[in-house]
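Report on one structure; see the data block that follows.
The values are calculated or read from the model by the stated rules, or taken from the named source; none is laboratory data. All values reported here derive from a predicted model rather than from experimental measurement. Cβ coordinates were reconstructed from backbone atoms using ideal geometry, including for glycine residues, and neighbour counts include every protein chain displayed. Note: areas computed on protein heavy atoms with side chains; ligands, DNA, RNA excluded. Shrake-Rupley method; radii C 1.70, N 1.55, O 1.52, S 1.80 Å.
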Amino acid sequence: MNPEELRDQIIATARCMLEERLVRGTWGNVSALLENGQAMLITPSGMDYRTMGPDDLVEMDLKGNQISGRRKPSTEAPLHLAFYNSRSDIGAIVHTHSQFATAFAVAGRPIPLITEEIAQVIGGTVEVAPYAPCGSVNLAQAAVRHLGNRQAVLLAKHGLVGVGRELKEALLSCIIAEKTAEIAVMAQILGGYGELGPYEVRELRDNYLTKYGQ
């Protein structure tokens, strides 16, 4: 994908995040690696997603140096960089503050393995990284540890991060995590829930990666 198409996709993803009510106002952020894998494009700090355009995105190398762009990058740029530098399979990141997932983050409770969808898309429980100030190196390091080999992680008292090979996969991780968090709350009201076991999760994840879709 050329850089112009990627810029358009990032803007579309950010607006979809807003439309799906995964964020409100200017919170949250989106990034994706450029085709060379040596730099990322990330949304700017504090801009309205409805008026943000492709030229407002900021290009940064994976050491955190700004290469191009007239805007300030998202304050969570260190978080995005930490993920890209930790796993070669991550090509895009979506950070949201969705209501039910954030409730789990505030409560310090992981989103449980209660649906086939979360096993398929995320590959396990969505764990909670301990609190550290937003934009800090400590937050980035904690998030990487608690993401592990899965596709989403909660940030204590903060929100949710979804990762993927591409933007639609990272966004889907956030959507499924939020949906599962909401289901868990409702199931608890109805009397509780059981969780999938390791073998079931592995089978569901493998089948999803190898057989699902066209």
Please work out how much accessible surface K168 shows to a 1.4 Å probe, ignoring ligands, DNA and RNA, in Å² rounded to 10.
150 Å²
At 222 nm, what value in deg cm²/dmol follows for the chain if DSSP H runs of at least 4 each add -39500 (n - 2.57) and the sum is divided by all its residues, to the nearest 500?
-13500 deg cm²/dmol
Once phi is turned into ³J(HN,Hα) by the Karplus curve 6.51 cos²θ - 1.76 cosθ + 1.60 with θ = phi - 60°, what whole-Hz value does each residue of the stretch 32-45 show in order, with x for glycine and proline?
8, 6, 6, 4, 6, x, 10, 8, 10, 9, 9, 5, x, 6
Please name which of H97, L113, L18 has its Cα lying farthest along the dipole of the chain towards the positive end, using unit charges on Cβ (Lys, Arg +1; Asp, Glu -1) and the Cα centre as origin.
H97
Whole-Å distance, taken between Cα centres, linking the stretch 17-40 and the stretch 109-156
17 Å
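On average over all directions, what projected area in square nanometres does the stretch 137-214 have, based on the convex hull of its Cα atoms? Mind dumping the intermediate values first?
On the way: hull surface 27.3 nm².
Average of the hull's projected areas for the stretch 137-214 equals 6.8 nm².
Consider all pairwise Cα distances in the stretch 1-44 and report the whole-number % of them above 16 Å.
Numbers: 342 of 946 pairs.
Distances greater than 16 Å cover 36 percent of the Cα pairs.
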Once phi is turned into ³J(HN,Hα) by the Karplus curve 6.51 cos²θ - 1.76 cosθ + 1.60 with θ = phi - 60°, what whole-Hz value does each residue of the stretch 195-211 show in order, with x for glycine and proline?
10, 5, x, x, 5, 4, 5, 4, 5, 5, 5, 4, 5, 5, 6, 9, 10
Under a 1.4 angstrom probe, counting protein chains only, how are Y199, Y208, Y193 ranked by accessible area, largest first?
Y199, Y193, Y208
Going by accessible area, probe 1.4 Å, with all protein chains left in place, what is the ranking of H97, H158, largest first?
H97, H158
Histogram of C-alpha separations across the chain, 10 Å bin width, %
9, 36, 36, 15, 3, 0
The percentage of the accessible area of the chain (probe 1.4 Å, all protein chains present) made up of carbon and sulfur atoms, to the nearest whole number, is 50 percent
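Report the relative contact order of the stretch 145-214, percent, no decimals, based on alpha-carbon pairs under 8 angstrom and at least 6 residues apart.
Working: 36 pairs, mean separation 10.7, N = 70.
Value for the stretch 145-214: 15 percent.
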Rounded to the nearest 20 debye, what is the charge dipole size of the chain about its Cα centre when +1 sits on each Lys and Arg Cβ and -1 on each Asp and Glu Cβ?
520 debye
In cubic angstrom per residue, the convex hull of the stretch 4-72 built on its Cα atoms measures 81 Å³
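Could you tell me which trypsin sites (Lys or Arg not before Pro) in the stretch 64-160 are loop residues by DSSP with no more than 10 other beta carbons within 10 angstrom of their beta carbon?
Values: sites: R70, R71, R87, R145, R150, K157; in loops: R70, R71, R87, R150, K157.
Here the trypsin sites (Lys or Arg not before Pro) that fit, given the DSSP loop and packing criteria, are R70.
Using a 1.4 Å probe and counting only protein heavy atoms, arrange C134, C16 so the residue with the most accessible area comes first.
Details: C134 85, C16 40 Å².
From most accessible down to least: C134, C16.
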Rounded to the nearest 10 Å², what accessible area does D48 show when all protein chains are kept and the probe is 1.4 Å?
50 Å²
Any chance you could run the full-extension gain for N36 through A103? It's 0.36 nm times the residue separation minus the Cα-Cα distance, nm to one decimal.
20.4 nm
